[in-house]
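Read the structure below first, then the notes.
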Amino acid sequence: MRYSQVVGPSRSEVIDAADPSPGPGELLVRVTACGVCVSDRGVWGQPAVTEPLRLGHEVSGVVAAVVPGTYGWSVGERLTGMGGPGYADLVVMEAGNLLHLSTASSKSPLVAR
(Lines give C-alpha, C1' and ligand atoms only; values in the text may rest on other atoms or scores of the structure.)
Protein backbone atom coordinates (compact mmCIF):
# COMPACT_ATOMS: atom_id res chain seq x y z
CA MET A 1 0.00 0.00 0.00
CA ARG A 2 0.97 3.64 -0.27
CA TYR A 3 0.56 6.57 2.10
CA SER A 4 1.42 10.25 2.07
CA GLN A 5 3.47 11.92 4.76
CA VAL A 6 4.46 15.53 5.36
CA VAL A 7 8.26 15.81 5.34
CA GLY A 8 8.69 19.58 5.49
CA PRO A 9 6.83 22.85 5.16
CA SER A 10 4.26 22.42 2.35
CA ARG A 11 6.08 19.28 1.16
CA SER A 12 4.98 15.64 1.21
CA GLU A 13 6.10 12.33 -0.24
CA VAL A 14 4.40 9.04 -1.03
CA ILE A 15 5.77 5.99 0.79
CA ASP A 16 5.34 2.31 -0.09
CA ALA A 17 4.64 0.17 2.97
CA ALA A 18 3.21 -3.17 4.04
CA ASP A 19 -0.56 -3.35 4.44
CA PRO A 20 -1.64 -2.61 8.02
CA SER A 21 -3.34 -5.34 10.06
CA PRO A 22 -6.50 -4.68 12.08
CA GLY A 23 -6.86 -5.98 15.62
CA PRO A 24 -9.94 -6.75 17.74
CA GLY A 25 -12.67 -4.14 17.27
CA GLU A 26 -11.01 -2.73 14.15
CA LEU A 27 -11.59 -2.84 10.39
CA LEU A 28 -9.20 -2.61 7.48
CA VAL A 29 -10.60 0.12 5.25
CA ARG A 30 -9.77 0.83 1.61
CA VAL A 31 -9.84 4.63 1.50
CA THR A 32 -11.89 6.20 -1.29
CA ALA A 33 -11.79 9.78 0.04
CA CYS A 34 -10.27 11.70 2.91
CA GLY A 35 -11.30 15.19 3.96
CA VAL A 36 -8.91 18.04 4.54
CA CYS A 37 -9.47 19.23 8.10
CA VAL A 38 -8.39 22.67 9.22
CA SER A 39 -6.05 20.93 11.70
CA ASP A 40 -4.31 19.17 8.77
CA ARG A 41 -4.07 22.44 6.86
CA GLY A 42 -2.33 24.11 9.79
CA VAL A 43 0.37 21.42 10.01
CA TRP A 44 0.94 21.47 6.23
CA GLY A 45 2.61 24.90 6.18
CA GLN A 46 4.48 24.70 9.50
CA PRO A 47 8.19 25.47 9.18
CA ALA A 48 9.01 23.33 12.24
CA VAL A 49 8.14 19.88 10.83
CA THR A 50 11.05 17.89 12.28
CA GLU A 51 9.81 14.35 11.62
CA PRO A 52 7.46 12.91 9.00
CA LEU A 53 3.78 13.36 9.87
CA ARG A 54 0.83 11.37 8.53
CA LEU A 55 -2.39 13.36 8.25
CA GLY A 56 -6.05 12.83 7.45
CA HIS A 57 -8.75 11.63 9.81
CA GLU A 58 -12.05 12.24 8.00
CA VAL A 59 -12.24 9.04 5.96
CA SER A 60 -14.76 7.44 3.62
CA GLY A 61 -14.09 4.02 2.18
CA VAL A 62 -14.97 0.37 1.82
CA VAL A 63 -14.41 -2.42 4.34
CA ALA A 64 -11.46 -4.49 3.09
CA ALA A 65 -11.19 -6.90 6.06
CA VAL A 66 -13.06 -7.71 9.27
CA VAL A 67 -11.27 -9.53 12.07
CA PRO A 68 -12.93 -12.04 14.40
CA GLY A 69 -14.57 -10.24 17.31
CA THR A 70 -15.57 -7.20 15.26
CA TYR A 71 -19.32 -7.29 14.65
CA GLY A 72 -21.82 -5.44 12.46
CA TRP A 73 -19.60 -5.06 9.40
CA SER A 74 -19.01 -7.03 6.19
CA VAL A 75 -16.33 -6.82 3.53
CA GLY A 76 -17.44 -4.46 0.76
CA GLU A 77 -19.66 -2.22 2.91
CA ARG A 78 -19.29 1.53 2.44
CA LEU A 79 -18.49 3.63 5.50
CA THR A 80 -17.38 6.98 6.82
CA GLY A 81 -15.91 8.10 10.10
CA MET A 82 -13.05 9.42 12.13
CA GLY A 83 -9.74 7.61 12.17
CA GLY A 84 -6.61 7.43 10.22
CA PRO A 85 -4.18 8.61 9.13
CA GLY A 86 -6.39 8.68 6.07
CA TYR A 87 -4.12 9.84 3.26
CA ALA A 88 -3.38 6.22 2.42
CA ASP A 89 -4.61 3.33 0.29
CA LEU A 90 -5.55 1.34 3.41
CA VAL A 91 -6.11 2.33 7.01
CA VAL A 92 -7.05 0.52 10.22
CA MET A 93 -10.02 2.14 11.96
CA GLU A 94 -11.92 1.42 15.19
CA ALA A 95 -15.33 0.02 14.25
CA GLY A 96 -16.99 2.13 16.96
CA ASN A 97 -15.89 5.34 15.23
CA LEU A 98 -17.56 4.46 11.90
CA LEU A 99 -20.95 4.89 10.27
CA HIS A 100 -22.49 2.74 7.54
CA LEU A 101 -23.25 4.49 4.24
CA SER A 102 -26.35 3.09 2.57
CA THR A 103 -26.39 2.26 -1.10
CA ALA A 104 -27.26 5.42 -3.02
CA SER A 105 -30.83 5.48 -4.26
CA SER A 106 -33.41 8.08 -5.16
CA LYS A 107 -34.59 7.97 -1.53
CA SER A 108 -31.11 8.44 -0.10
CA PRO A 109 -30.18 11.83 1.39
CA LEU A 110 -26.75 11.35 -0.21
CA VAL A 111 -28.15 11.79 -3.74
CA ALA A 112 -28.55 15.34 -5.06
CA ARG A 113 -32.04 16.12 -6.25
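The values are calculated or read from the model by the stated rules, or taken from the named source; none is laboratory data. The structure displayed is predicted, hence computed values, not measured ones. Cβ atoms come from the backbone with ideal geometry, glycine included; neighbour counts cover every protein chain shown.
Are any residues in region 9-24 closer than 14 Å to VAL91 by Cα and touching a residue at least 40 places away in the same chain (Cβ under 8 Å), and if so, which ones?
Those that are closer than 14 Å to VAL91 by Cα and touching a residue at least 40 places away in the same chain (Cβ under 8 Å): ASP19, PRO20, SER21, PRO22, GLY23.
For region 9-59, how many residues are at positive phi and at pLDDT below 90?
Selection size over region 9-59: 2.
Does ALA65 fit the bill of being at pLDDT 90 or above and surrounded by 11 or more Cβ atoms within 10 Å (Cβ to Cβ)?
On the way: at pLDDT 90 or above: yes; surrounded by 11 or more Cβ atoms within 10 Å (Cβ to Cβ): yes.
Yes, satisfied.
Scan the strands (runs of 3 or more DSSP E) fully inside region 1-86 and keep the ones with 2 or more residues being of a type outside the set (Ser, Thr, Tyr) and touching a helix residue (DSSP H, G or I) at 6+ places or on another chain (Cβ under 8 Å).
Passing ranges, in order: 26-34, 78-82.
Looking at LEU79, LEU99, which one is under 14 Å from the mean Cα position of the chain (by Cα), surrounded by fewer than 17 Cβ atoms within 10 Å (Cβ to Cβ) and at pLDDT 90 or above? Spell out the reasoning first.
Numbers: LEU79 fails: surrounded by fewer than 17 Cβ atoms within 10 Å (Cβ to Cβ).
When all the criteria are applied, what remains is LEU99.
Take VAL38 and tell me if it is over 16 Å from ASP89 (Cβ atoms), loosely packed, with under 12 Cβ neighbours inside 10 Å and hydrophobic (A, V, I, L, M, F, W, C).
Yes; evaluated as a whole, the condition is true for this residue.
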